[in-house]
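Asker: Provided herewith is a single structure, encoded as structure tokens, for subsequent inquiry.
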Amino acid sequence: MDLITSSREPNSRLDLPSTLVPEVEEAVLAARISRSHATLLGLLRPQVQRQAIEELLLMNLLPGVGELKSSIESLAVDLSLVSFVKDDCETCQYNTDNQSAQADVKLAKGLCLNGSCATEKHDAVLEEKRIALLRQYRAVQMPAEMQRFIVMDEHAQADLGAQTVSECHAACQRYGAAITNEGPQFPVKVVTQVCTSSACYAAKAEKHRSEKLVHYRNTVWRRALAAHVHSLQHVDFMRAMIAILALGWKCNPAHPEKVLGVDGDHDLASFMRKLDELDAKQASAAIRKALALMIEEAPEHQVTTLLRHFGVQLSTLWVMPKTLLGNMSMVQLTELIEDLKVDITEPAQHAIRTGDRAGLVSYLTEALTKTQLTGYVPRFIRY
């Protein structure tokens with residue numbers, strides 16, 4: 001198909017720029033592109049000219065000269081924005097400042113048409129910056145590295161815990177700085193105090209969430225047990241005390257100075273001597289306070305033993321807060337969905353398929369009602 005309009009007349013080779021590759025010359029002489037098209041293509045590197053003329057000749061409608069000019073300019077590197085030294089660029093043939101004064105069509109000035117050269121010089125600048133940063137930091141992440149870095153700020157402390165963040169800062173080989181940049185004509189930025197391993201960060205965040213859940217669960221158990229014991233009538237209360245003492249706890253249950261406000265020998269005999277000095281009401285209050293301290297300090301397995309012994313119903317003493325969702329794992333979240341038969345929309349299903357825990361937490365936070373959570377005890381909280 002002849003795509004040439006009457007304005008594209010054949011030219012003599014003598015009229016063509018000397019920088020043209022043979023493929024572009026032949027296209028001009030065959031009147032498949034205009035001389036102005038060729039003038040613009042002649043400014044490009046030979047390899048780029050060949051690729052460009054191949055693509056142009058495959059088009060059903062050849063772009064106008066203005067459109068081709070705009071396309072080339074949009075792909076060029078703006079030399080006013082680069083960070084590398086431009087001494088070599090002043091006389092370079094691919095600097096549009098050096099276009100022929102006789103050219104019938106010209107590109108905007110101050111552009112580099114040799115992208116590979118600009119990228120190579122820009123990479124050298126990044127490497128120099130990396131070497132300088134390595135004098136201060138154990139790790140430096142470069143823009144070309146695909147791994148996402150995480151700034152170790154207050155959000156990281158929430159994810160990992162202050163102690164872990166401090167340990168990372170002190171000794172982790174993945175803790176350092178990151179260089180961010182999108183190319184030669186974009187600013188080079190340095191972000192410090194970052195974790196350069198998103199995988200390591202995710203593993204530590206998961207560990208911290210798990211530890212917080214264990215701590216929270218123990219708190220729920222102890223408070224529920226303490227509330228149950230405190231609510232017992234006198235006879236049952238005394239039986240509870242006997243059951244607790246029968247476990248043989250080695251946690252200094254009396255703590256006379258805490259319970260009675262006096263110095264003591266931190267043993268049961270000392271505590272009982274002090275009780276003898278009190279009236280019945282004061283003694284009862286002291287015993288209850290001592291039991292509360294014992295429950296607070298007891299090992300986890302003994303707390304669960306007592307919970308089972310007394311048949312404590314967590315569902316009547318505790319309501320799950322929505323904030324707990326943020327620390328739950330994907331497994332725990334899907335268990336909750338199964339238990340409560342939560343309606344799952346397509347976005348939520350996508351979050352489950354892709355392992356997007358944050359997305360699923362966001363959905364459940366909006367979808368769950370207080371009524372649904374009242375009386376529900378997640379599987380990991382149950383004893």
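Just so it is clear, none of the values below were taken in a lab; they were calculated from the coordinates. Computed from a predicted model, the values in this text were never measured in an experiment. Note that each Cβ is placed from the backbone with ideal geometry, even for glycine, and that neighbours are counted across all protein chains shown.
Asker: For every other residue with a beta carbon closer than 14 angstrom to the beta carbon of ALA124, add +1 if it is Lys or Arg and -1 if Asp or Glu, then tell me the sum. Don't jump to the answer; show the numbers that get you there.
Answerer: Details: positive: LYS86, LYS121, LYS129, ARG130; negative: ASP87, ASP88, GLU120, ASP123, GLU127, GLU128.
After counting each charged neighbour, the total is -2.
Asker: Here is a follow-up. Can you give the helix-only mean residue ellipticity at 222 nm for the chain, where every DSSP H stretch with n ≥ 4 adds -39500 (n - 2.57) and the sum goes over all residues, rounded to the nearest 500 deg cm²/dmol? All intermediate terms of the calculation are to be shown ahead of the outcome.
Answerer: Numbers: 18 runs with 202 residues, N = 383.
Result for the chain: -16000 deg cm²/dmol, rounded to the nearest 500.
Asker: State to the nearest 20 debye the size of the charge dipole of the chain about its Cα centre, where the only charges are +1 on K and R beta carbons and -1 on D and E beta carbons. Show your work: numbers first, answer last.
Answerer: Numbers: 41 positive and 46 negative charges, 321 e Å.
Taking the Cα centre of the chain as origin, the dipole is about 1540 debye.
Asker: Run down the lysines and flag those whose C-alpha is under 30 Å from the C-alpha of LYS121, throwing out any fewer than 8 positions away in its chain.
Answerer: Output for LYS121: LYS69, LYS86, LYS106, LYS109, LYS129, LYS189.
Asker: Lysines within cross-link reach of LYS341: Cα-Cα under 25 Å, excluding same-chain residues under 8 positions apart?
Answerer: Within the straight-line cut-off, LYS341 pairs with LYS322, LYS370.
Asker: Quick one: 3J(HN,Hα) in Hz for segment 80-97, Karplus 6.51/-1.76/1.60 with θ = phi - 60°, rounded, Gly and Pro as x.
Answerer: Per residue, the Karplus-derived 3J(HN,Hα) values read 6, 9, 6, 9, 8, 5, 9, 4, 5, 7, 4, 10, 6, 5, 9, 8, 5, 5 Hz.
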